Amino acid sequence: MEQYLPILEKAPADTAPRTTVETIEAAFPKLTLANGGKERMREICERFSSSQVAQLTGRIRSLLQNEKASRLYLSYDWAAYSFAFSLTDQNDNRLLNGGLIWHGDEQVGYQPGRSVQVDPQYGWSIHT
């Protein structure tokens with residue numbers, strides 16, 4: 001298996017079609033992109049491969065698995081490629097809030113984003 005050096009070499013291009021904001025919104029009817037969230041999601045879809053975006057949508061799916069969840073709001077967060085989130089019930093009462101924080105990839109290296117991970121890993125993680 002080939003090794004890729006961060007920043008110096010790029011991994012082969014992902015051959016899957018690019019994910020778009022519209023396909024993400026269609027896949028998650030309970031998702032609302034607000035306060036800069038749509039622009040951030042568009043930036044992510046343009047910058048990252050489909051497999052990397054799939055990791056992000058997996059995190060969105062895991063938040064929406066809460067049986068009381070009626071709506072997930074994603075909005076702009078100051079950390080690169082990250083979101084603030086709020087999960088609410090059918091009466092718009094907050095169930096959970098936090099950040100969906102990007103922790104880098106093989107090209108740029110690990111990015112803590114002022115968040116702590118016990119087992120640091122690339123990609124997005126949920127912080128509450």
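Order of Val21, Val108 from fewest to most other C-beta atoms within 10 Å? Could you put the intermediate results ahead of the total?
Details: Val21 18, Val108 12.
Final ranking by Cβ density, sparse to dense: Val108, Val21.
Between helix 50-64 and the chain, what is the angle of the helix's C-alpha long axis to the longest principal axis, kept within 0 to 90° and rounded to the nearest 10?
Approximately 20 degrees, to the nearest 10.
Run the simple label-point estimate for Ala34 and Gln107 please: 7 Å along Cα→C-beta, distance reported in nm.
3.2
List the extent of the Cα atoms of the chain along each of their three principal axes, largest first, rounded to whole Å.
51, 33, 25
FYI, it's all coordinate maths here, none of it is from the lab. As the structure is a prediction and not an experimental result, all values here were calculated from the model. Neighbour counts are summed over all protein chains in view; Cβ atoms, including those assigned to glycine, are modelled from backbone coordinates with ideal geometry.
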